[in-house]
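Before any comments, here is the structure.
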Amino acid sequence: MTYTVVVNDEEQYSLWPEAKTLPAGWRTTGFSGSREECLDHVATVWTDIRPKSVAPAAS
Amino acid sequence: MNTTTDSAGLASREFWLRHRDDLRAGSLATAQALGGGSHETTPGAPTTARAPLTSATRAHLDRVTGGEPLLRWTAVAAATGLVLRRFGAEGAVTLLAGAPLEHGLPALLRPDPAATFRQWLGSVRSLAAQILEHGDVDAGTHRGLLEEDIVLTVGVDGPDTGGPTAEAAASLRLGTAEVTVTSRLLPAARLSALATGVATVLEQGLADPGRRLADLGVLDEPTRHQVLTAFNETAPLDNSRPYRELLLAQAAQRPDAVAIHDGTDTFTYRQLCSHATAVALNLRAAGVGRESQVALVAQRSAWFLVMAVGVLFAGGVYVPLDPTMPAGRRDRLMRGAQVVVAGPEVELPQDLDAPRLLPEHLRKEAESTPGPHAPETVAQLLGPPAAPTDLAYIIFTSGSTGTPKGAGVEHHSFLNLLATRVPDYGLRPGVEVPQTAPLTFDLSIWQMFAGLTAGSTVCVVPDDVVRDPAALAAMAVEHRFGCLALVPTFVAVLLEHFEAAPDSAAAVRSTLGRLIATGEPLSGELARRWHTVMPGVELLNAYGPAEVADDSTGGPVTADEGMYTSIGKVLPNVRVHVLDADLQPVPPGVTGQVYIGGESVGRGYVGQPAMTAGAFLPDPFATEPGRRMYRTGDLGRWRTDGSVELLGRADNQVKLRGRRVELGEIEHAVESHPQVARAIVELLKDDGLERLVAFVTPTPGNAPTDRQIQEFVAGRLPAYMVPNEVLTLDELPRNRNGKVDRAALRARAAERTVPTAAYTAPRTSLEADLCELWATVLKLERVGVTDDFFALGGDSITGIRIVQAAGRRGIELRPRHLLEHRTVQELAAVARRRPAGTTGRRTAPRPGTGTDSSPAPLTPAQRSFFARRVPRPDYWNHGVLYAVRRPVTTDEAERAVHLLAGRHPMLRARIDSVDGALAQTVSDVPPPLTEFDLRDVAADELESRMHASATRLHAALDLRAGPVCRAGLLRLPEGQHDRLVMVVHHAVVDLYSWNVITEDLSTILRDGGTEALDPVGTPYTEWARRLVEFVRDEPERLNTEYWLTRDWSRCVPVTDAGSPGTEGNTREHTSTFDEDFTRRFVEGTARRGLTVYESLLAAVGAGFREWLGVPAGDLLVQLGGHGREDLFDDVDLSRTVGFFNTAYPFALPMPTDPSDVRQARAVAELVRNIPGRGIDHDLLRHLHPDPALRARIAAIPAPQVLFNYWGEPGYLHADGDGGDGDGEGRTPGPLADVRIDISGDDRPADMPRSHPIEIYPSIVDGRLRILWRFSGEVCAAPRRSALVASCAEALRAAVADASPRPTSEETTR
């Protein structure tokens, strides 16, 4: 199955099956591939899992 | 469908056979998706479910299909395939074609979630065309296409269609206005869901054919609303008040009420509030603020809880760490901490940046605060409380990769959890809440924090009380616990106590309000027992992973739950979804994966973005955009009342002979047995033989037998799900959280060897005799009728011995029977007892004495030797030296040798050229016996003199003129047994022959005659003639193709030396492994489904790869077998002396990892596929009438390595009882102390070696021994040692946790 890397407004990343319609509130990042490839990609672009609304306030 | 086969039929047959495996797999998938895999499948009255087609769907159908029946079939089949995918069939499914296609032909559908519905219709239409094209299939082929009896026929209503066909378990039909499904076997709910699903897919798909399959649901609107909305509609619950405020409110209201106590300390709400504030101020001073992790590394105690509350007061993140966990692991988990709170006894990493605070120090400061911090001053001191989206705590869970994952939970989730627990568990002022769970177990979260928001008293129960059911019960009564939360494993332990101590049970019943089972699946049987023993005490189940704030569902469990208990309904503000592989909701009753959304969704794995992204995914069902849901990895299904049943882990699902099997389902079935308390089932796969093992603990006072449990399960589950083995344990190993430790169980099962694993006693006298024979020959205490011959250590040689011993008992068997029927049970089915009255010895097909004096051709074994054209062919012998344990006269010894040679013509053979070709004849001249007087030889010279005497005999054999066998009687000094040495030319003897010679000679010396011996079967010369006839008359029985198509190009050269050197310059190494290692190696090998020979070969291959320093490749090795192959029914070679060995090349793929069982199995697979176990090669090469073919076989590259496994040579154990122990208790003969090392030089020093490296492994007296014979010219000493070491290392790696203790010695010939 092919996945695509997606992200929401809180800058939380996830994977979504490319074949499926993406739920509201999420957008694609343009990266697609196997599950492992996508997870590897996430590891490079998402370094802090804190939601956007929390991260600046705390840091 | 035709019953005859014409040429078109042949093409069809080919078509179907090509797809047979897929069709069978698809039929299994269909049966499981329909719920037929494990349900009661007794046919009942036909049930029909109907789903109407909307007028729009009917119009679309008409438009798309034009009313054409074939296209209508295409549409309904396409929809059905997708519905089955939604029901759990993730790959391909098989349907049976109904009208208008050829009735009963299978259709394999593989829905692609990325395809549009239009594309999918196109694929199914092509499929229909293919089925039509290949409809003329014969009945036999057709019958073999399906695996399951639960098949679904899909058809279209037409004028000529009737009801469901007899063979179809379920029939789905598309009518003009509805979809109907009829079945006698399947549950009505599933039929209804299927009909509705098909109608829904048709409706959605035809309305918008551009939609992808992944976006097409199968639920009609009411069902979709039910599972997505109604089941998730919960009572309103407020989780907005910050934790600090909740606690301060209680402190203000009841300052003197006890908030927390353990055996030692008690803190009132006032003290808790003040101390927690003091702790928080200290943490603040150390830099703790929002999102700062505070690692608490200490034992559970009342003060610990105060500190934990202090962390939350400070707005920090509570991170409990177990002080007793291995330091390395703990240090890793501390990396993110801003502050570490740990006692002086805890050793912290040197490079830790975070400041360390001491619990005792914090306590002193808190208690020395001049006046207590009053609730109303806290906000002023500490500022605003944590925000809902701030992180509250991190619980580390063990990851499957071994890296602990820190599940971070935010305050809103944390508060939601606490808010749900308060009403559900009756938390209120005056109620004591026992805190029993380890701090690292997420169950501890609400146990610690929830009661404090409700004014209850939290009682920290010491570990030793938690583990002692009597003490726990007493404490529950003393403190009037309102509730008790335990994992089911502990619940079972507690119940046992209650069952044994009714007074304790009664006391607890009168005080305890409810028991909460959580953390593991709760079995229906345990629930039933609870209600029986503890009526009136509510039993609640709770479920939820740490990643989503512990509990997500919860509710009461009744005494009558069936196999699976309910884990309750969805908790307030939580959303639960049961979804299929395309993340589409499944209807109630259908198993899917459980996903959790809503308030409880945690932040993710702290510091692990990729892991987080993989487990937390967009929630397509959330009411607000951008929300996430958590993939639990648990399998579950909705009940129609909105509660959930949990079926186990998705990754606990195993494939067993093509079927998806949920281990949890088997566990539940085993636990349904009234005498079983807990059951864990594991599929042990890596052991080669796949077996389901059930680990059970019995209920008190019971001891169910394996058989009882297996029969009980067999009544509930399909046969393939019945455990092969049941291990009853007093208790199950548990991990720190009290959950069952599956890894420990697997390890325990792996320790057991297959032979003892499942002993089944013989049931008939024939089986009993065979079991006894096997046990005698294999040297085992007992053998069960289901034990595998190879797993017990049997090989083809022992097979021959068993056949021989069986013959003595009047049981007729062929050697190949042992290879084809590998258990006594199966063997007994082909074995025949000779009728009484003919109990005499096995009659030889042809007389075995010297009547055959006409020239016979040479065998392939002999030819391969003469083809080497060695300079002195007369000198290539075997020699064996025996101690004679009683005085014998020269005449006696001579007579014994003559009697021996009288039985075995090859000891009198001559080999000479006849008409230009070598041939063998048998003479009447017996082997001569020479006497050597060594009585005056000094002790330290004795061995060398014996050796020298024997060498004289060796050098005096003559193939043409005779003799080919000589005997020597060595008279030794007073007090020592005389020795008898037998020297025989290798062209007329082999290793196996020595078993026969030794037994016969010893018996003759004992009895003075041959009466006690079995007649000899087929003479060697007869065998030689038969082989020639065989190849001439039936060459098609030989696999020529195999040998002509081998690829030798991957073989890595071992040396580039041109000649393998001479025998005189041979360097020998012997590696001997101790008994313990050998035993583990043999048992491990059997467990992996390999033979010792195969395992050794794989290990040697790995050793060579390492030694050669190549990344991969094949090793060209010459293999050899004993060669007494079971080619002819009227030939019995079990007592024939002669040279039978096979020798054939083999491209051994050198394993890259000697511990990799798969690679070893791949080697074994190749070995097993060698046609005729090598004899085909030898016959083709040496006897095939076509010289061109012989030349092509002979042109195969010559191996530089010889590998010949000797097995466990029987004669080396010979103590005169015949070597192979016939179990008939005869007096031992006088031959003993067999030696081959001082039996003379058996070949001349200038003889060219056949291979630069020869490897002869054997097992002697329980020790694995590997004899290495290196060419001194080709292999230098360091290289030799390196290879021996490398192979020993590979062997070590092949045996888990075993280190070989080989003793190595080098000798120079």
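Data table
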read-out: Estimated distance in nm for a label pair at B:Asp1186 and B:Arg143, the labels positioned 7 Å out from Cα along Cα-to-Cβ; value: 3.8 nm
read-out: Sites B:Ala474 and B:Thr324 - FRET efficiency at Förster radius 22 Å, r taken between beta-carbons, to 0.05; value: 0.25
read-out: Prolate/oblate/rounded call for segment A:3-50, Cα gyration tensor, a/c under 1.5 rounded; value: oblate
read-out: Loop-located GluC sites (Glu not before Pro) in segment B:908-985, at most 12 other Cβ atoms within 10 Å (DSSP); value: B:Glu974
read-out: Gap separating the Cα centres of segment B:1105-1142 and segment B:1056-1084, nearest whole Å; value: 17 Å
read-out: DSSP-assigned coil residues among chymotrypsin sites (Phe, Trp or Tyr not before Pro) in segment B:1078-1143, each with at most 10 further Cβ atoms within 10 Å; value: none
read-out: Pairwise FRET efficiency - B:Thr511 versus B:Glu90, Cβ, R0 = 56 Å, nearest 0.05; value: 0.65
read-out: Estimated FRET transfer efficiency when R0 is 35 angstrom, pair B:Glu731-A:Glu36 (beta carbons, to 0.05); value: 0.30
read-out: Exposure proxy order (Cβ contacts within 10 Å, fewest to most) of B:Thr196, B:Thr420, A:Thr28, B:Thr921; value: A:Thr28, B:Thr921, B:Thr196, B:Thr420
read-out: Packing-based ranking, highest mean first, of B:1144-1153, B:805-814 given that Cβ atoms within 10 Å are counted; value: B:1144-1153, B:805-814
read-out: Stretch gain in nm, segment B:Asp1076-B:Arg335, where the contour uses 0.36 nm per residue and the Cα spacing is subtracted; value: 262.4 nm
read-out: Per-peptide average of other Cβ atoms within 10 Å, ordering B:404-416, B:231-243 highest first; value: B:404-416, B:231-243
read-out: Full-extension gain in nm, B:Trp1048 to B:Ala230, via 0.36 nm per residue minus C-alpha separation; value: 287.7 nm
read-out: Label-point gap, in nm, between B:Ala252 and B:Gln130 - each point 7 angstrom along Cα→Cβ; value: 7.4 nm
read-out: Sorted by Cβ neighbour density within 10 Å, fewest at the top, the residues B:Cys459, A:Cys38; value: B:Cys459, A:Cys38
read-out: 0 to 90° range, to nearest 10: angle between helix B:20-33 axis and chain B longest Cα axis; value: 30 degrees
read-out: Taking B:Cys965, B:Cys1275 and counting other C-beta atoms within 10 Å, the order from fewest to most; value: B:Cys1275, B:Cys965
read-out: Average partner coverage of B:286-294, which counts Cβ from other chains inside 10 Å; value: 1
read-out: Simple label model, 7 Å out from Cα along Cβ direction - B:Thr377 to A:Arg27, nm; value: 5.1 nm
read-out: Where trypsin sites (Lys or Arg not before Pro) fall in DSSP loop in chain A, at most 14 other Cβ within 10 Å; value: A:Lys52
read-out: Angle between chain B longest axis and helix B:939-954 axis [Cα atoms, degrees, rounded to 10]; value: 70 degrees
read-out: Value at 222 nm in deg cm²/dmol, rounded to 500, when DSSP H runs of n ≥ 4 in the protein assembly as shown each add -39,500 (n - 2.57); value: -11000 deg cm²/dmol
read-out: Cα-based Lys proximity count in the protein assembly as shown, under 27 Å, for pairs eight or more positions apart or on separate chains; value: 7
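Bear in mind that the values in this text are calculations on the coordinates, not laboratory data. Since this is a predicted model, take the numbers as computed values, not measurements. With ideal geometry, Cβ positions are generated from the backbone for all residues, glycine too; neighbour counts draw on all protein chains shown.
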